[in-house]
Amino acid sequence: MRTMRPLFTLLLFTLLCTCVSAQKSLMVTNPRVEYHSNPKGLDVEHPRFSWELTGEGRNREQSAYQLEVMLGGKAIWNSGKVHSRSTNQIEYAGPPLESSREYEWTVVTWDERNQPSTKGGGTFTTGLLRFSDWKGLFISHYTGYDKTDKYDELYLPPARYLRKEFTAAKTIRRAVAYTTALGLYELRLNGKKVGEEMFLPGWTDYDKRLYYQTFDVTDLISTGENAVGVILADGWYAGYLGYALLTRQDKVREFYGVNPAFMGQIHIEYTDGTTEIVASDVSWRGNTGPISEADILMGETYDARKEHSGWDQPGFDAESWKKPRRYTYPPGQLQSYPGDYVMPREMLTPVEMTEPEKGTYIYNLGKNIAGIIELKVDVPAGTEIKIRYGELLRDEDGGLMTENLRKARATDTYIAKGGGTEVWRPRFTYHGFQFVELTGLPAKPAMDAVTGIALSSIDTDAGKFSSSNPMNNQLFKNIKTTQAANFFEVPTDCPQRDERLGWTGDAHIFARSATYISDVAAFFTKWLVDLDDSQHWYGAYPNFAPMPYSRAEQYSPAWMDAGVITPYTIYQVYGDTRALETAWGGMEKFMAFQEDASTGYLRPGGGQNWGDWLTTGTKTSNDFIASAFYGYDARLMAEMAGALGKKDREAYYRSVFQGVKSAFGKKYIKQDGSTTEGTQTALALGLYFGLYPEELAPKGAALLAKSVAENGDKFSTGFLGTKHVMLVLSEYGYHDLAYRVFQQTDYPSWGFSVANGSTSIWERWNSYTKDENSNEKVNAAMNSFSHYALGSVAEWMYRYGLGIETKGAGFREIVLKPAISKEINEMTGSYRSINGLISSSWKRQGRKVTVDVTIPVNTTATVFLPGRTEKIGSGTYSFEVKE
Ligand code: BGC
């Protein structure tokens, strides 16, 4: 017995230790700087740090944190122990950062019992911060200037190839490339593409701003001979853009410039501490090559017989290549790219191949994406393969439907070199499609001749959703697919036709939905700058951003308001006050523009007045919409002013909001709670924006519910009304009705598109139907099958269906208020917030409903259950409710 005792004690002690320590120390996860993990080339003065915390048990909290930043192993800044629960938006406050350096950072936090967490951290590198750091010149290969009428015949110049050989004399420690272009470029080193990113350097108003990229190329360069190659194409800078050709704008291409040009430099740091810079200059050599056409909208043509084998490797004979032309620096700012790059996000194998006509092969990729294909063929030299893209097949003959592409030619051509298997992907174009048509092949191609490559700026992995209704689960997939297809450098309206523009109305209507599905913080950080850059001198935000067209009247109420609503959304979701600071000046100017246009706080319609776009019901007047949005803007401005500590402005915008509210109430809202407009949209906007007199609001909501119910549990709304009808129904407790609308399958509804086989969200409620007789009314030319605007119901699915909402900004305090209804049995989902994973699900079994929730460390939540409210701290909880 006596010998047993120490062993027993030891065992007990060990057990206790493991439990206590596992329970106790928090773990720092997902450490990021400026919304990126280990970002490269930062050029912001005070980068912001963030992390998440995980840890066992409940009610876990951060009581303090300490950050340290090191350069070359030496600490340059230590925050000291900061007693705060903040885990994001924490600014670097050390000495000025230096150009082209590698910094390391660490963070340690303390929990509720003052126990330290595991250490987290990472690295970040800086870009070129001073003008004198830039050694590269803008260079291009001159291909002549085309004077033909570009309205009547397409003008598609070839891509340009630039190359340079260099010697790295010593042992390399680190090599970094800083590169950009006016146009689009692909950077290559020693025969390989640098990075997976595409559509570089991104789209901005190039007269105001051009972004550069920073690539760590240490692994692509070796001591001895090296070669750098660049392929340049027109892109947004010089190519066809939007609907300019269709609507005969003052220009149809070359909106920012005529000749694409490249600029960049590679910094090679040797182990002996010396540095060498290889910069773009006139000693490089240029030529054209196999890419004879490269245009975002029109497509790419590649003649493999014209390849310069080995051109991007050392030892290539470039004797016949020309000296490049030099171009001047563009007028705007040169900055490091702040967003998320377009890159391949998903590979799709075809599900079917058909031959509707002899020699015409159509591949079905199974879903409607934005992207390109990889072609794999073994055909004789000179075989010209034409590749066309479509979202749908024609009902009558199974051929490709292309009317809705309008002036986007969306055709790629590959000319084979022969002699074996050839694999090719276009680089400078993309299409919106589910079907791919190949013609020109000598024989039936194999099933694997086509692989779909979905391109996007984002991953759609922040949110999970499922319910007991399979239709709604498909709907959720469709929204994700469509968001991915349109979060393409800027938030576009659609990826297929001659548009693909950053339509402001679509973007703000969908923004909150977008945040639940994907981490869009960096994506919107970038687009909010585009929006600010595109603001008209008189204060209105335009119809789309970037805004390349110069015609007057490029704004519309409910579209221009994206300038206020989108920054607000990013602040609300990520607690990002810097986004507000950046946007503030422009927003104030916008509000002054609205005030100037108003009489007695009522802002009349103006500009293009898109209204409740594509509504299926009676139109809501432009004046009503303009005033409603003006009031809403004022309300958000007051809240944002508060967040920025601008007390006077907060008071001012509160008074503007009150002014609008009272004038609006008098003019548009009747004593029975109805509006002068008599539309669902008017009721929904008036209520959601808080413009109803308090005593009339419940009456208004009841009338909205009545209107929807009498319409057969269907809305009669367009882009603006739809999202707000759902939110208002639930806000005022009409959950059963909201669920009936949500699960509706008759036209117009989300279920209608799912029942008709959609894999994406359509522009119109009736874009397509299997019923031959009812599809005729649709305008075939303006009928996109990939338009996220009507997918804005995702916001309702999260905020009400699952009930995941933030109280105040940034999900530190959470509201879990699932809309439990007898109309549906189960909802399950989660959202990866800036503080970590929040999950919520509820399930009915007989008369019992189980609600399961999890909230991350360092957050609290109020859980609203039928008949009771619970306050919880971090952890997992299960509740039972009797119905
Ligand atoms: C776009 C929209 C946009 C609208 C303006 C359309 O052509 O595709 O989504 O908001 O124009 O009304």
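The values are calculated or read from the model by the stated rules, or taken from the named source; none is laboratory data. Since this is a predicted model, take the numbers as computed values, not measurements. Note that each Cβ is placed from the backbone with ideal geometry, even for glycine, and that neighbours are counted across all protein chains shown.
Data overview
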| item | result |
| --- | --- |
| Yes/no for GLY452 being more than 16 Å from the ligand (Cβ to nearest atom), in contact with a Leu (Cβ under 9 Å, 6 or more places away or on another chain) and modelled with pLDDT of 95 or more | yes |
| Residue among LEU720, LEU790, LEU703 that alone is farther than 30 Å from GLU396 by Cα and either in contact (Cβ under 8 Å) with a residue 40 or more places away in the chain or assigned by TED's automatic domain parsing to the domain that holds ASN364 (or both) | LEU720 |
| Out of THR515, THR525, sole residue that is of a type in the set (Ser, Thr, Tyr), in a helix (DSSP H, G or I), away from the ligand (no atom under 16 Å from the Cβ) and surrounded by fewer than 23 Cβ atoms within 10 Å (Cβ to Cβ) | THR525 |
| Within the stretch 281-329, tally of residues that are of a type in the set (Val, Ile, Thr) and more than 19 Å from GLU384 (Cα to Cα) | 4 |
| Qualifying residue in the stretch 307-315 (condition: touching a residue at least 40 places away in the same chain (Cβ under 8 Å) and either farther than 24 Å from PRO260 by Cα or not assigned by TED's automatic domain parsing to the domain that holds LYS193 (or both)) | yes |
| Only one of SER792, SER786 that is assigned to a loop (DSSP other than H, G, I, E, B), of a type in the set (Ser, Thr, Tyr) and more than 16 Å from PHE879 (Cα to Cα) | SER786 |
| Test result for GLY801, among the small types (Gly, Ala, Ser), surrounded by 24 or more Cβ atoms within 10 Å (Cβ to Cβ) and within 16 Å of the ligand (Cβ to nearest atom) | no |
| Residue match in the stretch 694-707 (condition: more than 16 Å from the ligand (Cβ to nearest atom), on the phi < 0 side of the Ramachandran plot and not in a helix (DSSP H, G or I)) | no |
| Residue that is farthest from PRO157 (Cα to Cα), among those in the stretch 296-340 that are in contact with an Asp or Glu (Cβ under 6 Å, 6 or more places away or on another chain) and surrounded by 21 or more Cβ atoms within 10 Å (Cβ to Cβ) | SER336 |
| Residue in the stretch 157-164 that is in contact (Cβ under 8 Å) with a residue 12 or more places away in the chain and either under 27 Å from GLU813 (Cβ atoms) or surrounded by fewer than 17 Cβ atoms within 10 Å (Cβ to Cβ) (or both) present | no |
| Only listed residue being under 20 Å from THR482 (Cβ atoms) and either assigned to a helix (DSSP H, G or I) or in the same structural domain as GLY611 (by TED's automatic domain parsing) (or both), chosen from GLY757, GLY733 | GLY757 |
| Pick from the stretch 1-59, criterion at pLDDT 80 or above and among the small types (Gly, Ala, Ser), ranking: surrounded by the fewest Cβ atoms within 10 Å (Cβ to Cβ) | SER37 |
| Test result for GLY440, more than 30 Å from TYR151 (Cβ to Cβ) and more than 16 Å from the ligand (Cβ to nearest atom) | no |
| Test: residue in the stretch 666-682 that is within 16 Å of the ligand (Cβ to nearest atom), under 24 Å from ALA789 (Cβ atoms) and surrounded by fewer than 22 Cβ atoms within 10 Å (Cβ to Cβ) | no |
| SER730 closer than 26 Å to GLY829 by Cβ, among the small types (Gly, Ala, Ser), surrounded by fewer than 24 Cβ atoms within 10 Å (Cβ to Cβ) and more than 16 Å from the ligand (Cβ to nearest atom) | yes |
| Test: residue in the stretch 545-560 that is modelled with pLDDT of 95 or more, farther than 21 Å from THR204 by Cβ, in contact with a Ser or Thr (Cβ under 9 Å, 6 or more places away or on another chain) and not small (Gly, Ala, Ser) | yes |
| Filter result (in a helix (DSSP H, G or I), within 28 Å of SER466 (Cβ to Cβ) and near the ligand (Cβ under 9 Å from one of its atoms)) within the stretch 479-506 | ASP506 |
| Residues of the stretch 59-82 that turn out to be more than 34 Å from the chain's Cα centre (by Cα) and assigned to a loop (DSSP other than H, G, I, E, B), as a count | 4 |
| Hits in the stretch 501-512 (condition: crowded, with 24+ Cβ neighbours inside 10 Å and touching a Gly at 6+ places or on another chain (Cβ under 7 Å)) | PHE510 |
| Qualifying residue in the stretch 771-789 (condition: within 24 Å of GLY390 (Cα to Cα), small (Gly, Ala, Ser) and more than 16 Å from the ligand (Cβ to nearest atom)) | yes |
| Extreme residue, surrounded by the fewest Cβ atoms within 10 Å (Cβ to Cβ), among residues of the stretch 830-858 that are on the phi > 0 side of the Ramachandran plot and assigned to a strand (DSSP E or B) | GLY836 |
| Which numbered condition ALA626 fails, given (1) farther than 19 Å from ASP493 by Cα; (2) more than 16 Å from the ligand (Cβ to nearest atom); (3) touching a Pro at 6+ places or on another chain (Cβ under 9 Å); (4) in a helix (DSSP H, G or I) | (2) |
| Residue within the stretch 615-623 that is in contact (Cβ under 8 Å) with a residue 12 or more places away in the chain, of a type in the set (Lys, Arg) and more than 16 Å from the ligand (Cβ to nearest atom) present | no |
| Output for the stretch 708-726, where each listed residue is among the aromatic types (Phe, Trp, Tyr) and more than 16 Å from the ligand (Cβ to nearest atom) | PHE715 |
| Test for MET347: is it in contact (Cβ under 8 Å) with a residue 40 or more places away in the chain, within 24 Å of ALA181 (Cα to Cα) and not in a loop (DSSP other than H, G, I, E, B) | no |
| Single residue of the stretch 588-634 satisfying the filter (among the charged types (D, E, K, R) and buried (at least 22 other Cβ atoms within 10 Å of the Cβ)) that is farthest from the chain's Cα centre (by Cα) | ARG603 |
| Residue, nearest to the ligand (Cβ to nearest atom), within the stretch 539-563, restricted to residues that are at positive phi and surrounded by fewer than 23 Cβ atoms within 10 Å (Cβ to Cβ) | GLU553 |
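Each row is one residue, and each column tells you yes or no for (1) surrounded by fewer than 24 Cβ atoms within 10 Å (Cβ to Cβ); (2) over 17 Å from PRO546 (Cβ atoms); (3) touching a Lys or Arg at 6+ places or on another chain (Cβ under 9 Å).
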| position | (1), (2), (3) |
| --- | --- |
| TRP203 | no, no, no |
| LEU220 | yes, yes, yes |
| GLY224 | yes, yes, no |
| LYS251 | yes, no, yes |
| VAL258 | yes, yes, no |
